[in-house]
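Nothing in this text is a laboratory measurement; each read-out follows from the coordinates by a stated rule. What you see is a predicted model; the values in this text were computed from it and never measured. Cβ atoms come from the backbone with ideal geometry, glycine included; neighbour counts cover every protein chain shown.
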Amino acid sequence: MWIYEKKLQYPVRVSKCDPHMAKLLIEQYGGADGELAAALRYLNQRYTIPDKVIGLLTDIGTEELAHLEMIATMVYKLTKDATTEQLKAAGLDQHYVNHDKALHYNNAAGVPWTATYIQAKGDPIADLYEDIAAEEKARATYQWLINMTDDTDLQDGLKFLREREVIHSLRFREAVEILKSEQGAKKVF
């Protein structure tokens, strides 16, 4: 179904161990507006979307999985050399007790991921507007994460992800216009 290259979509670099930043980044891993929720939302919605835009949801949904992998890599690199004292100071002690340094689908506050994050109304226009909103919320979150770190290497990867959210939002807006123009078209049988 897919061809997988064993490399990230964009290189992930971090310049220092920073468990606190890792805790914040987990928001984009398992949060309501994170990459997992986005990927599953789009890959689910594609079954009730018109054929003209089904490929868009498939493409962006699979790209979100690549973004999930990038976030996981960032979190791993930010915590791989952390001591238990550093994890505790960063507020990751409860996570450590339950999962060691393994990732778990939860948000930055530790609330587990839930399928209620996935919106699917079955109305193509409503779903695409939901998707636009999801991309804009993710873009904003990436900007706030960029603001929270002085690690220029990490900022580089976060800026890449932020810009991809902008592109996705634009593509969903184009899809709305395509479907709206079809709604007004005269149908001849």
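Quick notes on this one:
- Candidate cross-link partners of Lys80 among the lysines, defined by an alpha-carbon separation under 17 Å and a same-chain spacing of 8 or more, comprise Lys16, Lys23, Lys88, Lys101.
- Placing a pseudo-label 7 Å from each Cα along the Cα-to-Cβ vector at Lys16 and Val97 gives an inter-label distance of 2.9 nm.
- Calculated FRET efficiency for the pair Tyr76/Ile178, C-beta based, R₀ 41 Å, to 0.05: 0.55
- Over 27 Å between alpha carbons, listed pairs Lys7/Lys121; Lys121/Lys159; Lys77/Lys137; Lys6/Lys77; Lys159/Lys180; Lys6/Lys159: Lys7/Lys121; Lys121/Lys159; Lys159/Lys180
- Under the membrane-span-like helix rule (DSSP H runs whose alpha carbons stretch at least 18 Å along the helix axis, mean Kyte-Doolittle hydropathy -1.0 or higher), the chain yields 51-79, 124-147, 152-183.
- Loop sites in region 112-189: trypsin sites (Lys or Arg not before Pro), DSSP, at most 11 other Cβ within 10 Å: Lys186, Lys187
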